[in-house]
Amino acid sequence: MTERTHGLEHGLTNYGDRDFSLYLRRSFAQSMGYSRAMLSKPVVGIAYTPSGFNNCHRHFPELLDAVKRGVLAAGALPVAFPTISLGEVFLSPTSLKYRNLMAIDTEEMIRAQPMDAVVLMGGCDKTVPAQLMGAVSAGRPAVMLVAGPMMTGRHRGERLGACTDCRRFWARYRAGDVTEEEISQVEGQLAVTAGTCAVMGTASTMACIAEALGLVLPGTAAIPAVHADRLRAAEATGAAAARLIGSKRTPDQIVNAKSVENALRALLALGGSTNAVIHLAAIAGRVGVRVPLEQLNKLSDTTPVLVNLKPVGNGYMEDFFASGGMGALLRELKPLLHLDCMTVTGETLGERLASDVACYVDRSIVAGRDQPFEPQGGLVALFGNLAPKGAILKRSAADAKLFEHTGRAVVFSSLADLAARIDDPALDVTPQDVLVLQNAGPHASECMPEAGYLPIPKKLAQRGVKDMIRVSDARMSGTAFGTIVLHVTPDSASGGPLGLVGADDGCDFAFLRPAVGAG
Ligand code: FES
(Lines give C-alpha, C1' and ligand atoms only; values in the text may rest on other atoms or scores of the structure.)
Protein backbone atom coordinates (compact mmCIF):
# COMPACT_ATOMS: atom_id res chain seq x y z
CA MET A 1 0.00 0.00 0.00
CA THR A 2 1.22 3.48 -0.76
CA GLU A 3 1.11 6.38 1.72
CA ARG A 4 -2.17 8.32 1.54
CA THR A 5 -2.86 11.46 3.38
CA HIS A 6 -6.58 11.75 3.55
CA GLY A 7 -9.45 10.42 5.60
CA LEU A 8 -8.88 7.68 8.10
CA GLU A 9 -5.54 6.86 6.50
CA HIS A 10 -4.15 10.14 7.76
CA GLY A 11 -1.70 9.95 10.68
CA LEU A 12 -1.84 6.25 11.45
CA THR A 13 -1.25 4.89 14.92
CA ASN A 14 2.27 3.55 14.95
CA TYR A 15 2.54 -0.20 15.45
CA GLY A 16 5.55 -0.52 13.18
CA ASP A 17 3.36 -2.00 10.42
CA ARG A 18 1.43 0.61 8.46
CA ASP A 19 -0.95 -1.80 6.72
CA PHE A 20 -1.81 -3.41 10.04
CA SER A 21 -2.50 0.03 11.54
CA LEU A 22 -4.93 0.87 8.75
CA TYR A 23 -6.62 -2.53 8.93
CA LEU A 24 -7.06 -2.17 12.67
CA ARG A 25 -8.36 1.40 12.43
CA ARG A 26 -10.92 0.48 9.77
CA SER A 27 -12.01 -2.49 11.82
CA PHE A 28 -12.63 -0.36 14.91
CA ALA A 29 -14.27 2.38 12.86
CA GLN A 30 -16.67 -0.18 11.40
CA SER A 31 -17.74 -1.04 14.94
CA MET A 32 -19.41 2.39 14.90
CA GLY A 33 -21.62 1.28 12.02
CA TYR A 34 -19.95 3.11 9.15
CA SER A 35 -19.94 1.45 5.74
CA ARG A 36 -16.66 0.93 3.87
CA ALA A 37 -17.86 3.56 1.39
CA MET A 38 -18.22 6.16 4.14
CA LEU A 39 -14.88 5.24 5.65
CA SER A 40 -13.13 5.80 2.34
CA LYS A 41 -14.22 9.45 2.24
CA PRO A 42 -12.11 12.37 3.39
CA VAL A 43 -12.87 13.35 6.97
CA VAL A 44 -13.98 16.68 8.42
CA GLY A 45 -13.38 16.70 12.16
CA ILE A 46 -15.70 18.82 14.27
CA ALA A 47 -14.23 20.20 17.50
CA TYR A 48 -17.38 19.97 19.58
CA THR A 49 -17.69 21.76 22.91
CA PRO A 50 -21.08 21.34 24.58
CA SER A 51 -21.03 20.98 28.35
CA GLY A 52 -23.50 20.95 31.19
CA PHE A 53 -21.32 23.73 32.59
CA ASN A 54 -21.62 25.89 29.48
CA ASN A 55 -25.07 27.44 28.99
CA CYS A 56 -23.81 29.40 25.96
CA HIS A 57 -23.33 26.14 24.01
CA ARG A 58 -26.71 24.64 24.94
CA HIS A 59 -27.84 24.51 21.29
CA PHE A 60 -24.73 22.76 20.00
CA PRO A 61 -26.43 19.37 19.43
CA GLU A 62 -28.77 20.98 16.89
CA LEU A 63 -25.94 22.97 15.33
CA LEU A 64 -23.85 19.82 15.07
CA ASP A 65 -26.57 18.12 13.02
CA ALA A 66 -26.52 21.03 10.61
CA VAL A 67 -22.73 21.02 10.32
CA LYS A 68 -22.78 17.29 9.59
CA ARG A 69 -25.46 17.80 6.93
CA GLY A 70 -23.21 20.33 5.20
CA VAL A 71 -20.15 18.09 5.35
CA LEU A 72 -22.02 15.06 4.00
CA ALA A 73 -23.64 17.02 1.19
CA ALA A 74 -20.17 18.19 0.14
CA GLY A 75 -18.92 14.60 -0.05
CA ALA A 76 -16.91 14.17 3.14
CA LEU A 77 -17.43 12.24 6.37
CA PRO A 78 -18.15 14.39 9.45
CA VAL A 79 -16.66 13.13 12.71
CA ALA A 80 -17.23 15.10 15.89
CA PHE A 81 -14.75 14.94 18.72
CA PRO A 82 -14.84 16.57 22.15
CA THR A 83 -12.42 19.01 23.64
CA ILE A 84 -12.73 20.77 26.96
CA SER A 85 -15.34 23.51 27.12
CA LEU A 86 -15.05 26.74 29.09
CA GLY A 87 -18.31 28.08 30.48
CA GLU A 88 -17.36 31.54 31.66
CA VAL A 89 -19.24 31.82 34.94
CA PHE A 90 -18.74 28.22 36.02
CA LEU A 91 -14.95 28.33 36.28
CA SER A 92 -12.80 29.19 39.25
CA PRO A 93 -10.72 31.21 39.77
CA THR A 94 -11.30 32.50 36.22
CA SER A 95 -11.77 31.04 32.75
CA LEU A 96 -8.61 32.71 31.47
CA LYS A 97 -6.56 30.23 33.48
CA TYR A 98 -7.86 27.46 31.19
CA ARG A 99 -7.77 29.20 27.80
CA ASN A 100 -4.33 27.89 26.94
CA LEU A 101 -5.26 24.41 28.17
CA MET A 102 -8.17 24.44 25.72
CA ALA A 103 -5.85 25.73 22.99
CA ILE A 104 -3.46 22.84 23.65
CA ASP A 105 -6.33 20.34 23.71
CA THR A 106 -7.69 21.68 20.40
CA GLU A 107 -4.30 21.80 18.69
CA GLU A 108 -3.22 18.34 19.77
CA MET A 109 -6.53 16.66 18.95
CA ILE A 110 -6.59 18.22 15.47
CA ARG A 111 -3.04 17.08 14.91
CA ALA A 112 -3.31 13.61 16.41
CA GLN A 113 -6.59 12.46 14.83
CA PRO A 114 -7.27 11.56 11.21
CA MET A 115 -9.02 14.57 9.73
CA ASP A 116 -8.43 16.51 6.55
CA ALA A 117 -10.14 19.68 7.73
CA VAL A 118 -11.85 20.81 10.89
CA VAL A 119 -14.86 22.85 11.97
CA LEU A 120 -14.30 24.64 15.27
CA MET A 121 -17.51 25.02 17.26
CA GLY A 122 -17.08 27.58 20.01
CA GLY A 123 -18.58 30.74 21.39
CA CYS A 124 -18.37 31.39 25.10
CA ASP A 125 -15.71 33.95 25.91
CA LYS A 126 -12.39 32.08 25.98
CA THR A 127 -13.43 29.25 23.67
CA VAL A 128 -13.08 31.14 20.38
CA PRO A 129 -9.57 32.46 21.11
CA ALA A 130 -8.53 29.05 22.46
CA GLN A 131 -9.78 27.23 19.37
CA LEU A 132 -8.24 29.75 16.98
CA MET A 133 -4.89 29.56 18.79
CA GLY A 134 -4.96 25.78 18.57
CA ALA A 135 -6.05 25.72 14.94
CA VAL A 136 -3.40 28.22 13.87
CA SER A 137 -0.72 26.06 15.44
CA ALA A 138 -2.16 22.81 14.09
CA GLY A 139 -1.89 24.16 10.55
CA ARG A 140 -4.76 22.05 9.18
CA PRO A 141 -7.58 23.60 7.06
CA ALA A 142 -10.12 24.97 9.53
CA VAL A 143 -13.23 27.10 9.67
CA MET A 144 -14.86 28.48 12.78
CA LEU A 145 -18.57 28.30 13.59
CA VAL A 146 -19.49 30.57 16.49
CA ALA A 147 -22.40 29.91 18.83
CA GLY A 148 -24.09 33.24 18.10
CA PRO A 149 -25.48 35.63 20.69
CA MET A 150 -28.46 35.20 23.02
CA MET A 151 -31.71 37.05 22.44
CA THR A 152 -32.71 39.66 25.01
CA GLY A 153 -35.19 39.14 27.86
CA ARG A 154 -37.85 41.55 29.10
CA HIS A 155 -38.31 43.19 32.47
CA ARG A 156 -41.11 45.72 33.08
CA GLY A 157 -41.11 46.76 29.44
CA GLU A 158 -37.33 47.03 29.19
CA ARG A 159 -35.04 44.77 27.17
CA LEU A 160 -32.34 43.02 29.19
CA GLY A 161 -29.22 41.26 27.99
CA ALA A 162 -26.30 39.54 29.65
CA CYS A 163 -24.31 40.93 30.99
CA THR A 164 -24.18 44.71 30.87
CA ASP A 165 -27.66 44.81 32.34
CA CYS A 166 -26.62 42.26 35.01
CA ARG A 167 -24.04 44.77 36.22
CA ARG A 168 -26.31 47.79 35.86
CA PHE A 169 -29.08 46.24 37.93
CA TRP A 170 -26.63 44.87 40.49
CA ALA A 171 -25.15 48.35 40.94
CA ARG A 172 -28.67 49.72 41.47
CA TYR A 173 -29.41 46.93 43.94
CA ARG A 174 -26.23 47.79 45.87
CA ALA A 175 -27.27 51.41 45.86
CA GLY A 176 -30.66 50.48 47.31
CA ASP A 177 -32.65 51.53 44.19
CA VAL A 178 -33.78 47.99 43.41
CA THR A 179 -35.47 45.67 45.89
CA GLU A 180 -34.61 42.09 46.71
CA GLU A 181 -37.77 41.00 44.92
CA GLU A 182 -36.97 42.94 41.74
CA ILE A 183 -33.36 41.77 41.53
CA SER A 184 -34.57 38.19 41.67
CA GLN A 185 -37.03 38.91 38.82
CA VAL A 186 -34.18 40.48 36.83
CA GLU A 187 -32.00 37.42 37.48
CA GLY A 188 -34.49 35.33 35.50
CA GLN A 189 -34.51 37.66 32.49
CA LEU A 190 -30.82 38.30 31.84
CA ALA A 191 -29.92 35.11 29.97
CA VAL A 192 -33.05 33.73 28.36
CA THR A 193 -31.86 31.68 25.39
CA ALA A 194 -28.90 29.59 24.30
CA GLY A 195 -25.97 31.55 22.92
CA THR A 196 -23.31 33.95 24.09
CA CYS A 197 -23.81 37.20 26.01
CA ALA A 198 -26.18 39.50 24.16
CA VAL A 199 -23.97 42.61 24.11
CA MET A 200 -20.60 43.46 22.58
CA GLY A 201 -18.76 41.60 25.33
CA THR A 202 -15.72 39.42 24.82
CA ALA A 203 -17.57 36.56 23.15
CA SER A 204 -19.27 38.80 20.59
CA THR A 205 -16.06 40.76 20.06
CA MET A 206 -14.08 37.59 19.39
CA ALA A 207 -16.76 36.26 17.02
CA CYS A 208 -16.58 39.53 15.07
CA ILE A 209 -12.78 39.48 15.13
CA ALA A 210 -12.83 35.93 13.75
CA GLU A 211 -14.93 37.22 10.86
CA ALA A 212 -12.58 40.19 10.32
CA LEU A 213 -9.65 37.74 10.26
CA GLY A 214 -11.45 35.70 7.60
CA LEU A 215 -11.83 32.55 9.72
CA VAL A 216 -15.64 32.34 9.92
CA LEU A 217 -17.98 32.47 6.94
CA PRO A 218 -18.95 35.99 5.83
CA GLY A 219 -21.98 37.40 7.59
CA THR A 220 -22.21 34.71 10.26
CA ALA A 221 -20.59 36.23 13.37
CA ALA A 222 -23.66 38.08 14.61
CA ILE A 223 -26.48 35.66 13.75
CA PRO A 224 -28.39 34.97 16.98
CA ALA A 225 -27.94 31.49 18.41
CA VAL A 226 -31.61 30.57 18.08
CA HIS A 227 -32.22 32.06 14.61
CA ALA A 228 -32.78 29.65 11.73
CA ASP A 229 -29.98 31.46 9.88
CA ARG A 230 -27.60 30.10 12.54
CA LEU A 231 -28.49 26.57 11.42
CA ARG A 232 -28.02 27.53 7.78
CA ALA A 233 -24.64 29.03 8.73
CA ALA A 234 -23.75 25.74 10.42
CA GLU A 235 -24.66 23.77 7.30
CA ALA A 236 -22.68 26.16 5.10
CA THR A 237 -19.72 25.95 7.47
CA GLY A 238 -19.68 22.17 7.23
CA ALA A 239 -19.72 22.39 3.43
CA ALA A 240 -16.99 25.03 3.47
CA ALA A 241 -14.79 22.80 5.62
CA ALA A 242 -15.22 19.95 3.16
CA ARG A 243 -14.27 22.27 0.30
CA LEU A 244 -11.11 23.26 2.21
CA ILE A 245 -9.76 19.71 2.06
CA GLY A 246 -6.43 19.66 0.27
CA SER A 247 -6.24 23.45 0.29
CA LYS A 248 -3.33 25.47 1.58
CA ARG A 249 -5.73 28.02 3.08
CA THR A 250 -4.90 27.03 6.62
CA PRO A 251 -5.38 29.38 9.59
CA ASP A 252 -1.63 29.97 9.85
CA GLN A 253 -1.74 31.34 6.29
CA ILE A 254 -4.86 33.45 6.88
CA VAL A 255 -3.60 35.00 10.13
CA ASN A 256 -0.77 37.40 9.29
CA ALA A 257 0.29 40.96 10.10
CA LYS A 258 -2.25 42.45 7.70
CA SER A 259 -5.24 40.41 8.79
CA VAL A 260 -4.36 41.05 12.44
CA GLU A 261 -4.36 44.77 11.69
CA ASN A 262 -7.79 44.39 10.07
CA ALA A 263 -8.97 42.63 13.22
CA LEU A 264 -7.63 45.45 15.40
CA ARG A 265 -9.48 47.99 13.24
CA ALA A 266 -12.66 45.99 13.68
CA LEU A 267 -12.12 45.74 17.44
CA LEU A 268 -11.69 49.50 17.73
CA ALA A 269 -14.69 50.30 15.52
CA LEU A 270 -16.87 47.87 17.47
CA GLY A 271 -15.99 49.47 20.80
CA GLY A 272 -15.11 45.87 21.62
CA SER A 273 -13.81 44.15 24.70
CA THR A 274 -10.46 44.94 26.33
CA ASN A 275 -9.93 41.18 26.60
CA ALA A 276 -9.70 40.98 22.83
CA VAL A 277 -6.30 42.69 22.99
CA ILE A 278 -4.76 39.79 24.88
CA HIS A 279 -6.63 37.15 22.88
CA LEU A 280 -5.70 38.64 19.52
CA ALA A 281 -2.07 38.96 20.65
CA ALA A 282 -2.14 35.26 21.60
CA ILE A 283 -3.63 34.20 18.25
CA ALA A 284 -1.22 36.39 16.29
CA GLY A 285 1.66 35.17 18.43
CA ARG A 286 1.11 31.67 17.07
CA VAL A 287 2.44 32.90 13.71
CA GLY A 288 5.04 35.22 15.20
CA VAL A 289 3.05 38.43 14.66
CA ARG A 290 3.31 40.88 17.55
CA VAL A 291 0.59 43.31 18.60
CA PRO A 292 2.45 46.21 20.26
CA LEU A 293 0.34 48.62 22.28
CA GLU A 294 1.85 51.50 20.28
CA GLN A 295 0.29 49.95 17.15
CA LEU A 296 -3.05 49.77 18.95
CA ASN A 297 -2.84 53.49 19.73
CA LYS A 298 -1.85 54.42 16.19
CA LEU A 299 -4.82 52.52 14.79
CA SER A 300 -7.11 53.82 17.52
CA ASP A 301 -6.32 57.42 16.54
CA THR A 302 -7.62 56.75 13.02
CA THR A 303 -10.45 54.27 13.60
CA PRO A 304 -13.83 55.68 14.61
CA VAL A 305 -16.34 53.83 16.78
CA LEU A 306 -19.14 52.87 14.38
CA VAL A 307 -21.19 50.38 16.38
CA ASN A 308 -23.69 51.38 19.04
CA LEU A 309 -24.06 48.32 21.26
CA LYS A 310 -23.89 47.89 25.01
CA PRO A 311 -21.76 48.32 27.05
CA VAL A 312 -20.53 51.30 24.99
CA GLY A 313 -23.92 52.26 23.50
CA ASN A 314 -27.53 51.15 23.54
CA GLY A 315 -28.15 48.16 21.27
CA TYR A 316 -27.79 44.40 21.55
CA MET A 317 -26.27 41.84 19.23
CA GLU A 318 -29.70 41.02 17.78
CA ASP A 319 -29.83 44.67 16.61
CA PHE A 320 -26.36 44.41 15.10
CA PHE A 321 -27.45 41.31 13.17
CA ALA A 322 -30.57 43.09 11.91
CA SER A 323 -28.40 46.05 10.86
CA GLY A 324 -26.12 44.08 8.59
CA GLY A 325 -23.63 42.77 11.17
CA MET A 326 -19.97 42.58 10.28
CA GLY A 327 -20.63 43.06 6.57
CA ALA A 328 -22.10 46.51 7.24
CA LEU A 329 -19.20 47.42 9.54
CA LEU A 330 -16.45 46.14 7.25
CA ARG A 331 -17.94 48.01 4.28
CA GLU A 332 -17.69 51.25 6.29
CA LEU A 333 -14.12 50.44 7.29
CA LYS A 334 -13.12 49.43 3.76
CA PRO A 335 -10.70 52.33 3.09
CA LEU A 336 -8.82 51.44 6.29
CA LEU A 337 -8.53 47.69 5.66
CA HIS A 338 -6.04 45.47 3.87
CA LEU A 339 -8.38 44.15 1.19
CA ASP A 340 -5.92 41.64 -0.22
CA CYS A 341 -6.15 39.41 2.88
CA MET A 342 -7.27 35.87 2.07
CA THR A 343 -10.33 34.45 3.82
CA VAL A 344 -11.38 30.90 4.52
CA THR A 345 -13.73 30.83 1.51
CA GLY A 346 -10.93 31.50 -0.97
CA GLU A 347 -12.07 35.07 -1.59
CA THR A 348 -9.97 37.99 -0.51
CA LEU A 349 -11.58 40.38 1.95
CA GLY A 350 -11.94 42.89 -0.89
CA GLU A 351 -13.72 40.33 -3.08
CA ARG A 352 -15.98 39.40 -0.18
CA LEU A 353 -16.97 43.01 0.37
CA ALA A 354 -17.48 43.60 -3.35
CA SER A 355 -19.80 40.60 -3.56
CA ASP A 356 -21.71 41.43 -0.36
CA VAL A 357 -25.32 42.23 -1.11
CA ALA A 358 -25.72 45.74 0.30
CA CYS A 359 -28.65 45.35 2.67
CA TYR A 360 -30.57 47.73 4.92
CA VAL A 361 -28.36 49.24 7.60
CA ASP A 362 -29.90 50.81 10.69
CA ARG A 363 -27.67 53.84 11.14
CA SER A 364 -28.60 54.10 14.81
CA ILE A 365 -26.67 50.81 15.26
CA VAL A 366 -23.97 50.87 12.55
CA ALA A 367 -22.91 54.41 11.72
CA GLY A 368 -21.44 55.64 8.48
CA ARG A 369 -17.77 56.56 8.65
CA ASP A 370 -18.64 60.22 8.04
CA GLN A 371 -20.91 60.30 11.10
CA PRO A 372 -19.27 58.03 13.68
CA PHE A 373 -20.48 57.54 17.22
CA GLU A 374 -16.98 58.52 18.35
CA PRO A 375 -14.13 59.84 16.20
CA GLN A 376 -11.48 57.57 17.71
CA GLY A 377 -11.31 53.88 18.57
CA GLY A 378 -12.91 52.36 21.63
CA LEU A 379 -9.65 51.24 23.28
CA VAL A 380 -6.48 53.11 24.09
CA ALA A 381 -3.20 52.00 25.63
CA LEU A 382 -1.90 54.13 28.48
CA PHE A 383 1.63 54.43 29.80
CA GLY A 384 3.01 56.14 32.88
CA ASN A 385 4.70 55.79 36.23
CA LEU A 386 2.35 53.04 37.33
CA ALA A 387 2.37 51.20 34.02
CA PRO A 388 5.74 51.56 32.32
CA LYS A 389 4.88 48.73 29.94
CA GLY A 390 1.31 49.85 29.40
CA ALA A 391 -2.28 49.49 30.48
CA ILE A 392 -5.62 49.46 28.67
CA LEU A 393 -8.56 51.84 28.98
CA LYS A 394 -11.86 51.28 27.21
CA ARG A 395 -12.39 54.97 26.63
CA SER A 396 -15.64 54.45 24.77
CA ALA A 397 -17.15 52.97 27.97
CA ALA A 398 -15.59 55.60 30.26
CA ASP A 399 -16.68 59.01 31.53
CA ALA A 400 -14.68 61.62 29.60
CA LYS A 401 -14.98 64.00 32.57
CA LEU A 402 -12.59 61.69 34.44
CA PHE A 403 -9.89 61.57 31.74
CA GLU A 404 -7.89 64.32 33.51
CA HIS A 405 -7.91 63.66 37.22
CA THR A 406 -5.79 63.78 40.35
CA GLY A 407 -7.00 62.07 43.48
CA ARG A 408 -6.06 60.05 46.54
CA ALA A 409 -5.35 56.37 46.06
CA VAL A 410 -7.56 54.03 48.04
CA VAL A 411 -5.65 50.79 47.80
CA PHE A 412 -6.81 47.20 48.07
CA SER A 413 -3.87 44.82 48.27
CA SER A 414 -5.74 41.76 46.98
CA LEU A 415 -9.16 40.46 45.98
CA ALA A 416 -9.67 39.23 49.54
CA ASP A 417 -8.84 42.69 50.87
CA LEU A 418 -11.26 44.23 48.36
CA ALA A 419 -14.06 41.88 49.40
CA ALA A 420 -13.40 42.51 53.07
CA ARG A 421 -13.36 46.32 52.99
CA ILE A 422 -15.16 47.74 49.93
CA ASP A 423 -18.51 47.96 51.70
CA ASP A 424 -17.14 48.76 55.15
CA PRO A 425 -19.00 51.86 56.36
CA ALA A 426 -15.71 52.98 57.95
CA LEU A 427 -13.81 52.91 54.62
CA ASP A 428 -12.22 56.33 54.09
CA VAL A 429 -13.25 57.02 50.50
CA THR A 430 -14.75 59.89 48.52
CA PRO A 431 -16.03 60.03 44.92
CA GLN A 432 -12.86 61.91 43.94
CA ASP A 433 -10.58 59.09 45.09
CA VAL A 434 -9.01 56.50 42.82
CA LEU A 435 -9.67 52.87 43.69
CA VAL A 436 -6.54 50.76 43.21
CA LEU A 437 -6.52 46.97 43.21
CA GLN A 438 -3.19 45.16 43.48
CA ASN A 439 -2.20 41.53 42.99
CA ALA A 440 -4.93 40.61 40.52
CA GLY A 441 -2.74 40.35 37.42
CA PRO A 442 -1.43 37.40 35.42
CA HIS A 443 1.19 36.46 38.02
CA ALA A 444 -1.20 36.59 40.98
CA SER A 445 -2.66 33.36 42.32
CA GLU A 446 -6.12 34.38 41.02
CA CYS A 447 -4.74 34.38 37.43
CA MET A 448 -5.94 37.79 36.25
CA PRO A 449 -9.67 37.52 36.94
CA GLU A 450 -12.27 39.98 35.65
CA ALA A 451 -12.08 41.93 38.90
CA GLY A 452 -10.97 45.24 37.40
CA TYR A 453 -14.58 46.44 37.49
CA LEU A 454 -14.25 47.22 41.20
CA PRO A 455 -17.66 47.87 42.72
CA ILE A 456 -18.39 51.43 43.74
CA PRO A 457 -18.18 51.36 47.58
CA LYS A 458 -21.69 50.85 48.88
CA LYS A 459 -21.78 54.05 50.86
CA LEU A 460 -20.94 56.04 47.72
CA ALA A 461 -23.29 54.01 45.52
CA GLN A 462 -26.10 54.83 47.94
CA ARG A 463 -25.30 58.52 47.42
CA GLY A 464 -25.74 58.09 43.67
CA VAL A 465 -22.08 57.74 42.63
CA LYS A 466 -22.04 55.70 39.41
CA ASP A 467 -18.42 55.92 38.23
CA MET A 468 -14.99 56.42 39.76
CA ILE A 469 -11.52 55.90 38.36
CA ARG A 470 -10.39 52.38 39.06
CA VAL A 471 -6.86 51.11 38.37
CA SER A 472 -5.68 47.51 38.51
CA ASP A 473 -3.62 44.81 36.91
CA ALA A 474 -6.79 42.70 36.52
CA ARG A 475 -9.05 42.38 33.47
CA MET A 476 -12.73 43.23 33.29
CA SER A 477 -15.59 41.58 31.51
CA GLY A 478 -16.19 42.85 28.00
CA THR A 479 -19.73 43.60 29.15
CA ALA A 480 -18.59 46.04 31.88
CA PHE A 481 -18.28 49.82 31.71
CA GLY A 482 -16.76 52.74 33.61
CA THR A 483 -13.53 54.71 33.80
CA ILE A 484 -11.39 51.69 34.47
CA VAL A 485 -7.68 51.27 33.78
CA LEU A 486 -6.84 47.60 33.32
CA HIS A 487 -3.99 45.21 32.57
CA VAL A 488 -1.43 47.48 34.33
CA THR A 489 1.94 46.06 33.29
CA PRO A 490 4.14 44.84 34.84
CA ASP A 491 1.63 43.53 37.35
CA SER A 492 2.07 43.94 41.08
CA ALA A 493 2.76 40.28 41.77
CA SER A 494 5.79 40.40 39.48
CA GLY A 495 7.20 43.53 41.13
CA GLY A 496 5.49 46.24 39.07
CA PRO A 497 5.18 49.75 40.52
CA LEU A 498 1.43 49.30 41.00
CA GLY A 499 2.35 47.15 44.00
CA LEU A 500 4.20 50.09 45.57
CA VAL A 501 1.19 52.38 45.79
CA GLY A 502 0.62 52.97 49.50
CA ALA A 503 -2.36 51.43 51.22
CA ASP A 504 -4.85 54.05 52.37
CA ASP A 505 -2.05 56.52 53.02
CA GLY A 506 -3.65 59.29 51.05
CA CYS A 507 -0.74 59.60 48.61
CA ASP A 508 -1.39 61.40 45.33
CA PHE A 509 -0.21 59.97 42.07
CA ALA A 510 -0.19 61.24 38.53
CA PHE A 511 -2.81 59.58 36.40
CA LEU A 512 -1.62 57.62 33.41
CA ARG A 513 -1.61 59.31 30.04
CA PRO A 514 -1.21 57.97 26.51
CA ALA A 515 2.40 58.06 25.36
CA VAL A 516 2.96 61.11 23.20
CA GLY A 517 4.10 60.23 19.72
CA ALA A 518 4.30 56.57 20.57
CA GLY A 519 5.05 54.13 17.82
FE1 FES B 1 -20.70 32.68 27.78
FE2 FES B 1 -20.96 35.41 28.40
S3 FES B 1 -21.16 33.65 29.70
S4 FES B 1 -20.36 34.44 26.55
Let me know the charge dipole size of region 138-287 about its Cα centre in debye, to the nearest 20, where only the beta-carbon of Lys, Arg (+1) and Asp, Glu (-1) is charged. 600
Taking the inverse of the average 1/r across all pairs of different Cα atoms in region 328-367, what Kirkwood radius in Å do you get? 10.9
Heavy-atom accessible area per residue - the chain, 1.4 Å, Å²: 39
What per residue convex hull volume, in Å³, do the alpha-carbon atoms of region 1-157 yield? 142
Sort out for me the Cα centre separation of region 168-227 from region 444-495, rounded to whole Å. 20
Considering only ALA175, GLY452, THR13, whose Cα is most displaced toward the positive end of the charge dipole of the chain, charges sitting on Cβ of Lys, Arg (+1) and Asp, Glu (-1)? THR13
Which number do you get for Rg(Cα) / (2.2 N^0.38 Å) in region 379-464? 1.15
Quick one: with all protein chains in place, what share of the accessible area of the chain is carbon or sulfur, to the nearest percent (1.4 Å probe)? 54
Quick P(r) readout (the chain; Cα-Cα; 10 Å bins; whole %) gives 4, 19, 29, 25, 14, 7, 2, 0, 0
Given unit charges at Cβ for Lys, Arg (+) and Asp, Glu (-), the dipole magnitude of the chain about its Cα centre in debye, nearest 20, is 960
Based on the Kirkwood radius over alpha-carbon pairs, what is the Stokes-Einstein translational diffusion coefficient of region 191-301 at 4 °C with 1.567 mPa s viscosity, in µm²/s? 86
At 4 °C and 1.567 mPa s, the Stokes-Einstein diffusion coefficient in µm²/s for region 1-53, with hydrodynamic radius from the Kirkwood sum on alpha carbon pairs, is 103
Would you calculate the volume per residue, in Å³, of the smallest convex hull containing every Cα atom of region 367-411? 105
If you take every residue apart from GLY327 with its C-beta less than 12 Å away from the C-beta of GLY327, what net charge results, scoring Lys and Arg +1 and Asp and Glu -1? 0
Determine how large the accessible area of LEU386 is when every protein chain is in place; take a 1.4 Å probe and give Å² rounded to the nearest 10. 10
Cβ-defined net charge surrounding GLU107, 12 Å radius [Lys, Arg +1; Asp, Glu -1]: 0
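Take peptides 419-427, 160-168 and line them up by average Cβ neighbours within 10 Å, highest first, as a rough protection proxy.
160-168, 419-427
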Paramagnetic reach from THR430 (point 7 Å along Cα→Cβ, amide N under 18 Å) across region 364-402: 402
Given a cut-off of 26 Å, what percent of all Cα-Cα pairs of region 123-251 lie beyond it? 34
How large is the charge dipole for region 231-365, taken about the Cα centre, if only the Cβ atoms of Lys, Arg (+1) and Asp, Glu (-1) carry charge, to the nearest 20 debye? 280
Charge dipole of region 80-178 about the Cα centre (unit charges at C-beta), most positive-ward option of GLY87, CYS166, ALA147: CYS166
Counting Lys and Arg as +1 and Asp and Glu as -1 over every other residue whose Cβ sits under 15 Å from the Cβ of MET38, the net charge comes to +4
Ranking ILE110, ALA241, LEU349 by how far each Cα lies towards the positive end of the charge dipole of the chain (+1 on Lys and Arg Cβ, -1 on Asp and Glu Cβ), the top one is ALA241
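The values are calculated or read from the model by the stated rules, or taken from the named source; none is laboratory data. A quick note: this is a predicted structure, and the numbers were derived from the prediction, not measured. No Cβ is skipped: glycine too gets one built from the backbone with ideal geometry, and neighbour counts run over all protein chains shown. With ligands, DNA and RNA removed, areas are computed over all heavy atoms of the protein, side chains included. Shrake-Rupley method; radii C 1.70, N 1.55, O 1.52, S 1.80 Å.
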